[in-house]
Each structure stands twice: as structure tokens, then as C-alpha cells.
């Protein structure tokens, strides 16, 4: 299966999302290299016992890879919701 070539709809959003991921995962207690925030997935995988490697991981189950993604994506989504609620509260307070 070919690797997905994901791109962001908003030009320039990639850098901001990478910084956001790094901040969230740092707050979750992971050692994050700010120059390579995607590398945190290997630390998460190791913690979960998933043998994720650079390059091909075609032998891994969708379930095990999903555990790694969920451990990263879950806190990111929670933080986005928290930030949105905070923004809405601030907007209501300023009326």
C-alpha cells in the first residue's frame, strides 16, 4: 500500500500544527525534539509495545498503529476543544 501524501488545506499550517503537537506531547510527559516533533510517535510506540520503525511498517496491524495515533491524537483533540471553549468563554465575557 502506498504511503499517503497528506497536505494541509491552509498554506503554512504544517509548521503550526507540528509545534502544537510538540507542545501537547511535551505536556503529556514525552521528550519531544522541537525540530522533529513527529518522532514522538516512536517513543509512544515503544511505550505501548508496538514495533514501529522508520520506513515500512506494513506488517503492523491497523489496531496497533491506531493505538499509537490515538495516544497522540487524543490529547491533541482534547487540547483543541479546551482552547475552543476558552475562546468562546472569552467572547461571551467581552459582550
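Since every read-out is calculated from the coordinates, none of them should be taken as a lab result. As the structure is a prediction and not an experimental result, all values here were calculated from the model. Every residue, glycine as well, gets a Cβ built from its backbone with ideal geometry; the counts of neighbours run over all protein chains shown.
With everything on Cα atoms, drop me the angle between helix 13-27 and the longest principal axis of the chain, reported from 0 to 90° to the nearest 10. The two axes meet at around 80 degrees.
Peptides 82-95, 48-61 ranked from most to least packed, by the mean per-residue count of other Cβ atoms within 10 Å: 48-61, 82-95.
Each of 38, 23 was scored by other Cβ atoms within 10 Å of its Cβ. Listed from fewest to most, they are 38, 23. Here r is the Cβ-Cβ distance between residue 52 and residue 91 and R0 is 41 Å; the resulting FRET efficiency, rounded to 0.05, is 0.50.
With the simple model of a label 7 Å out from the Cα in the direction of the Cβ, residue 82 to residue 39 spans 2.6 nm.
Roughly what % of Cα-Cα distances in the stretch 13-93 sit above 21 Å, to the whole percent? Intermediate values should be presented prior to the final figure.
Numbers: 1187 of 3240 pairs.
Percent of Cα pairs beyond 21 Å in the stretch 13-93: 37.
Can you give the angle from 0 to 90° between the axis of helix 62-93 and the longest principal axis of the chain, with both taken from C-alpha atoms, to the nearest 10? Helix 62-93 and the main axis of the chain meet at about 10 degrees.
Set the Förster distance to 30 Å, then compute FRET efficiency between residue 63 and residue 9 from the Cβ-Cβ distance, nearest 0.05. Rounded to the nearest 0.05, the efficiency is 0.55.
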